[in-house]
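S.K.: I have a structure I would like to understand better, so I am pasting it below and will then ask my questions one at a time.
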Amino acid sequence: MKLLAGKNAIITGASRGIGMGIAKVFADHGANVAFTYSSSEKPALELQEELLAKGVTAKAYKSDAASFEAAEALIKNVIEDFGGIDILINNAGITKDNLLMRMSESDFDSVIEINLKSVFNMTKAIQRTFLKQRSGSIINMSSVVGVKGNAGQTNYAASKAGMIGFTKSVALELGSRNIRCNAIAPGFIETEMTEKLDEKTVQSWRDGIPLKRGGSPEDIANACLFFASDLSAYITGQVLNVDGGMLT
Ligand code: NAP
């Protein structure tokens, strides 16, 4: 059964990793997919072709998630190109890890702007459309680190915890208009973001996972599919840990 047949989704940061996994699963479930990238043009255009081959509408947009103006222009363009939007996935994110003692102001600011301010930018830009149609599902990609903190990631943890507060507040503001907003808190997911970690750190993450493996982009995409579809019609303001039991 195709859970998103005919729905239009926009996903930020889908040129690789989790975002790319979400785009593929959504297209397999019949969704038309608009997605953004920052610099990875070639993989983004390859993904666009792969999605089109699945028989849905798909388009890659180069757009900086940290820019308020870019988000407004993006939503306008996607609505013109696709005819409307039903699902927003705020997935784009970066890390700039360091101990607080060594963290620069610019590394703090850029992580907050790309990971957290981007969620404000996109949600604000899409709000009017969702209010008018009295429906919409917003999914924010937080992290277990936003729930429990992590040494060396004060900037990242603050951005991901901020997303949870934002998610719950949007759920309260927009629930009466049938607009749902939920967050996913992935644990250790094997993508380019985690490839940067040294083997010792990776092993200690794996040792702390009851299911004894890192997650895949598809594991996260399946949780997004649930929140995007009517299967979760009565769920809003929630944070779903998709972490192999890490926070249990
Ligand atoms: P990734 O492989 O590093 O991919 C990041 C994506 O974000 C890329 O498509 C990248 O585009 C895009 N991006 C980065 N900066 C951007 C900007 N300024 N504007 C627009 N797009 C931008 O990361 P990932 O592992 O898939 O992570 C995806 C999300 O899940 C992030 O929010 C991350 O914090 C969260 N998460 C990941 C894990 C994990 O273990 N991997 C765990 C918890 C949460 P380009 O390719 O063009 O740079």
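The values are calculated or read from the model by the stated rules, or taken from the named source; none is laboratory data. All values reported here derive from a predicted model rather than from experimental measurement. Methodologically, a virtual Cβ is constructed for each residue, glycine included, from the backbone with ideal geometry; neighbour enumeration extends over all protein chains shown.
S.K.: May I ask you to verify whether Ile189 is touching a residue at least 40 places away in the same chain (Cβ under 8 Å) and touching a Gly at 6+ places or on another chain (Cβ under 6 Å)? Reasoning before the result, please.
M.R.: Details: touching a residue at least 40 places away in the same chain (Cβ under 8 Å): yes; touching a Gly at 6+ places or on another chain (Cβ under 6 Å): yes.
Answer is yes for this residue.
S.K.: Further question on the same structure: For the stretch 95-138, which positions are within 13 Å of the ligand (Cβ to nearest atom) and without any contact (Cβ under 8 Å) to a residue 24 or more places away in the chain?
M.R.: First, the residues of the stretch 95-138 that are within 13 Å of the ligand (Cβ to nearest atom): 95-97, 109-119, 121-122.
Correct list: Asp109 only.
S.K.: Mind checking which helices (runs of 4 or more DSSP H) fall wholly inside the stretch 150-222 and carry at least 2 residues that are among the acidic types (Asp, Glu) and at pLDDT below 95?
M.R.: On the way: elements: 154-174, 192-195, 199-207.
The helices (runs of 4 or more DSSP H) meeting that bar are 192-195, 199-207.
S.K.: A follow-up question, please. Need at least 2 residues that are within 24 Å of Ala221 (Cα to Cα) and touching a strand residue (DSSP E or B) at 6+ places or on another chain (Cβ under 7 Å) per element, so show me which helices (runs of 4 or more DSSP H) inside the stretch 49-134 make the cut, counting only ones lying wholly within it. Before the answer, list the steps.
M.R.: Details: elements: 68-82, 105-111, 118-133.
Fully inside the stretch 49-134 and qualifying: 68-82, 118-133.
S.K.: Filter the stretch 96-120 for residues that are touching a Ser or Thr at 6+ places or on another chain (Cβ under 7 Å) and surrounded by fewer than 16 Cβ atoms within 10 Å (Cβ to Cβ) and give the result. Show your work before the answer.
M.R.: Going residue by residue through the stretch 96-120, those that are touching a Ser or Thr at 6+ places or on another chain (Cβ under 7 Å) are 96, 100, 103, 111-112, 115-116, 118.
Leu100, the sole residue that qualifies.
S.K.: I've got another one for you. Consider the stretch 1-19. How many of its residues are in a loop (DSSP other than H, G, I, E, B) and either among the β-branched types (Val, Ile, Thr) or modelled with pLDDT of 95 or more (or both)? Full working, then the answer.
M.R.: Taking the stretch 1-19 first, the residues in a loop (DSSP other than H, G, I, E, B) are 1-7, 12-16.
Narrowing further to those that are either among the β-branched types (Val, Ile, Thr) or modelled with pLDDT of 95 or more (or both): 2-7, 12-16.
Matching residues across the stretch 1-19 total 11.
S.K.: Does Phe130 count as within 27 Å of Ala34 (Cβ to Cβ) and not small (Gly, Ala, Ser)? Lay out the reasoning, then the answer.
M.R.: Values: within 27 Å of Ala34 (Cβ to Cβ): yes; not small (Gly, Ala, Ser): yes.
Yes; evaluated as a whole, the condition is true for this residue.
S.K.: Going by the conditions given, is Phe82 over 21 Å from Thr194 (Cβ atoms), aromatic (Phe, Trp, Tyr) and either within 10 Å of the ligand (Cβ to nearest atom) or touching a Ser or Thr at 6+ places or on another chain (Cβ under 7 Å) (or both)?
M.R.: Details: over 21 Å from Thr194 (Cβ atoms): yes; aromatic (Phe, Trp, Tyr): yes; either within 10 Å of the ligand (Cβ to nearest atom) or touching a Ser or Thr at 6+ places or on another chain (Cβ under 7 Å) (or both): yes.
It is true that Phe82 is over 21 Å from Thr194 (Cβ atoms), aromatic (Phe, Trp, Tyr) and either within 10 Å of the ligand (Cβ to nearest atom) or touching a Ser or Thr at 6+ places or on another chain (Cβ under 7 Å) (or both).
S.K.: A further question follows. Farther than 17 Å from Ile11 by Cβ, out of contact with any helix residue (DSSP H, G or I) (no Cβ under 7 Å at 6 or more places or on another chain) and not charged (D, E, K, R): does that describe Ser135?
M.R.: Details: farther than 17 Å from Ile11 by Cβ: yes; out of contact with any helix residue (DSSP H, G or I) (no Cβ under 7 Å at 6 or more places or on another chain): yes; not charged (D, E, K, R): yes.
Taking the combined requirement at face value, the residue satisfies it.
S.K.: Give the stretch 85-94 a look and list any residue that's crowded, with 24+ Cβ neighbours inside 10 Å, within 12 Å of the ligand (Cβ to nearest atom) and either farther than 21 Å from Met163 by Cα or among the hydrophobic types (A, V, I, L, M, F, W, C) (or both), or say none.
M.R.: Ile89, Ala92
S.K.: Sort out which residues of the stretch 139-159 are touching a residue at least 60 places away in the same chain (Cβ under 8 Å) and touching a Gly at 6+ places or on another chain (Cβ under 6 Å), and write them in order of number.
M.R.: Listed by number, the list holds a single entry, Val144.
S.K.: Under the condition of being surrounded by fewer than 18 Cβ atoms within 10 Å (Cβ to Cβ) and more than 26 Å from Gly245 (Cβ to Cβ), which residue from the stretch 139-180 is farthest from the ligand (Cβ to nearest atom)?
M.R.: Here the answer is Ser176.
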